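Worksheet: one structure, shown below.
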Amino acid sequence: MKAKLKTLGRALKYVWTKTPIEMFIVTAVSLIEGLLPVSALVVLKKFVDVFTANETYAETGLSSASLAVVWILIMIVQYTIPSITTYLLEVTRERCSKELSMSIVGKCISIQGIAHFEDKQFLDINDWLSFTDRSVGPFLYQINDGVKYCTGFISIFALFASFEYWISIVLTVSIVPSMIIAQKRSLEKSHQEEALEALSRKARYYRNTLLSPAAVKEFKLFSFNKLFKHKLLELFSDMEISNVRFQRKIRNGDILGTSIRIIAIGSIFIFMLGKTRDGTVTIGSFAMYLQSLFQFSNNLLMIALVWAYFEGSYNYFSKFFNFLAMEDTIDISRSRLMLVECVEAIRFENVSFTYPSGKQALRNISFSLKAGERVALVGENGAGKSTIIKLLLRLYDPSEGSIYLNDNAILEYDIASYRCKFSGIFQDFMKYDLTVRENIFSDGSGNDDIMNEFPGVFPESELEKLPDGMSSLLGTTLGGVELSGGQWQRLAILRGLAKPHEVLLVDEPTASIDPIEESRIFELVFSRNEGITLCVTHRLGSVKEASRIIVLKDGEVVGDGSHNELIVTNDYYNRLYMSQASMYESKP
């Protein structure tokens, strides 16, 4: 209970801080909404008593006609104000959803390491938080309802206390079973939503894959559409069964709670009827108290329901605040030194690394890179090549040992200034549904002659085929032009070459390009860069022009030298190279 109240208090403070004016107006309107029903009942009581001559004009100061007008005005306000409240809540919801989304995005951007992004639990939480509309919207409506019904409950409680105080007590006790049932229902609903989240995520995957343009060919050829449709139907069936069971529990609980409330209200009704017959209570008072019975009961029940439904908001905001408090997976506490000097050397000293899953990728490796060198990292899949790239980019920190840039450990450098010195060309590159220019230059501005600066990477003739040249929108999601796999890969290569850098990291960037063309691109990369170039590949025919080749096997350095040296002195490298040599022979 304490944790729930604390989290909901933080959530309310967060929402109020982000939208103070809107929340103040919503709260004020909610208070008015809570007072209007009681005000209408009091005026109705006066009207009936004046109309039936139980009270005179001299006693009330108002005629029956005047009271009728006042009652009508109150009713007009009472039934029109909800539309104003809904408008205010929806405006506030939009702003809060934007603020929540930007807080989540900001947190993701601020996390410098990538271990979280490769963790399924983190991705599940991020997926849950991405549905801000299902959390912030209900939370705002719950706040509105809580203020409204609490105000109504207090005002009617005072009304009954001035007549017979025990009526308020009896009505409150009669609501307790419904309150308990509502609380239990909310907890079960929250658990059901969490249980169904995995099924919903699967359903989204199956549905999105069925509609994915990239999957159409295989779906048509291998009839995967039947398999996915069958899986989707099974999921919907499981979700439907779960929902029916839940609704059955709700029905049974509602019948019990409602029966107890009606018995209590009926008993009080009989008591008040007797008071009216003997003249103790006026007809107007009887009408007012009779209506108040149902309103009191309804307000108290709604307060219980609002509190119960806060469970869903609590679950969301507890995850949200825990997400914002999540620590980075790399050490940035020491990263204060601005890297302004040129990169002269990079040095690995006894570096070992183990992934969070427990898989050891590197074992006590040491080597150095110097400005002007073109170094290739080679080895079989799983040898640890890409892990070295991740460590250099500070996406992970070493488990043991240290990496130095010039004379300082890379952990000491400000991470933004450190990464400014690097650029990369990756195998798992992104295909952005943006313009050609924005795919190359992240800020959308850049030299349109970039194709000529790096001839052969993305031929000018291919650019001319696009409808708007560098301004052509790519990707079918937003209605753009779809490129081939090789064209996308060439754009990714241009992206890496175009970014100002002193260290270029090239990680298996040419999977969609044939080996001979790959050799030409590597030749271009090696010839154009003046800083440090580190290339990762398992296609050894592309790296003969490298000044050095570092050979990795099972996370260890087993060779370091030029191609000509290693082909003679290193049996492992010789065996790897000869197994691929035929791929790089030009065909006549």
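Quick note: the coordinates plus some simple rules give every number you see, no bench work behind them. Here the structure is a predicted model, which means the values were calculated and not measured. Counting neighbours? That spans all protein chains shown, and the Cβs are built from the backbone with ideal geometry, glycine included.
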- [ ] For helix 485-498, report the angle its Cα long axis makes with the longest principal axis of the Cα atoms of the chain; keep it between 0 and 90° and round to the nearest 10°.
- [x] 80 degrees
Open item on the list: Using only Cα atoms and rounding to the nearest 10 degrees, what angle (0 to 90) does helix 224-277 make with the longest principal axis of the chain?
Closed with: 20 degrees
TODO: Specify the angular offset, from 0 to 90 degrees and rounded to the nearest 10, of the alpha carbon long axis of helix 515-528 from the longest principal axis of the alpha carbons in the chain.
DONE: 90 degrees
TODO: Please name whichever of P398, V173, I21 sits farthest to the positive end of the charge dipole of the chain, dipole taken about the Cα centre and charges placed at Cβ: Lys and Arg +1, Asp and Glu -1.
DONE: V173
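Show me 137-149, 344-356 ranked by packing, highest mean number of other Cβ atoms within 10 Å first. Please report the intermediate quantities before stating the final value.
Values: 137-149: 20.7, 344-356: 16.8.
Output ranking for 137-149, 344-356: 137-149, 344-356.
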- [ ] Note down the nm distance, to one decimal, between modelled labels 7 Å out along Cα→Cβ at T80 and at I260.
- [x] 4.2 nm
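Hey, with R₀ at 35 Å, roughly what FRET efficiency would S357 and Y87 work out to, going by the Cβ-Cβ distance, to 0.05?
Values: r = 50 Å, r/R0 = 1.43.
According to the calculation, E is roughly 0.10.
Explain nothing, just the number: relative contact order of the chain, from Cα pairs under 8 Å at least 6 residues apart, as a whole percent. Working shown, then result.
Details: 755 pairs, mean separation 83.5, N = 588.
Relative CO of the chain lands at 14 percent.
Relative to 2.2 N^0.38 Å, what does the C-alpha radius of gyration of region 373-438 come to as a ratio? Two decimals please.
On the way: Rg = 14.6 Å, N = 66, 2.2 N^0.38 = 10.8 Å.
So the Cα radius of gyration is 1.35 times the expected 2.2 N^0.38 Å.
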Open item on the list: With unit charges on the beta carbons (Lys and Arg positive, Asp and Glu negative) and the dipole taken about the Cα centre of the chain, which residue among N570, L369, G486 sits farthest to the positive side?
Closed with: G486
Task: Structure-based [θ]222 nm, the chain - -39500 (n - 2.57) summed over DSSP H runs of at least 4, per residue, nearest 500 - done: -20500 deg cm²/dmol
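Could you give the C-alpha radius of gyration of region 270-338 expressed as a fraction of 2.2 N^0.38 Å, taking N as the number of residues it contains? Write out the running numbers ahead of the final one.
On the way: Rg = 28.1 Å, N = 69, 2.2 N^0.38 = 11.0 Å.
In units of the 2.2 N^0.38 Å rule of thumb, it is 2.56.
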Task: region 2-324 pair-distance distribution - Cα-Cα, 20 Å bins, rounded % - done: 24, 46, 23, 7, 0
TODO: Just need log10 I(q)/I(0) for the chain at q = 0.08, 0.13 Å⁻¹, Debye formula, equal scatterers on the alpha-carbon atoms, no solvent, rounded to two decimals.
DONE: -0.78, -1.39
TODO: Could you name the lysines whose alpha carbon sits less than 20 Å from that of K18, not counting residues in the same chain fewer than 8 places away?
DONE: K6, K98, K107, K319
Task: Taking region 2-324 and dividing mean pair separation by its residue count, relative contact order in percent (alpha carbons under 8 Å, at least six apart) - done: 32 percent
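Using the Cα centre of region 2-324 as the reference point, and only Cβ charges (+1 on K/R, -1 on D/E), how large is the resulting charge dipole? Debye, rounded to the nearest 20.
On the way: 35 positive and 26 negative charges, 210 e Å.
That gives a dipole near 1000 debye.
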TODO: Taking the Cα centre of region 320-437 as origin, sum charge times position over the Cβ atoms of Lys and Arg (+1) and Asp and Glu (-1), and report the length of that vector in debye to the nearest 20.
DONE: 340 debye
- [ ] State to the nearest 20 debye the size of the charge dipole of the chain about its Cα centre, where the only charges are +1 on K and R beta carbons and -1 on D and E beta carbons.
- [x] 2320 debye
Open item on the list: For a Förster distance of 60 Å, can you work out the FRET efficiency between the beta-carbons of R336 and Q580, rounded to the nearest 0.05?
Closed with: 0.85
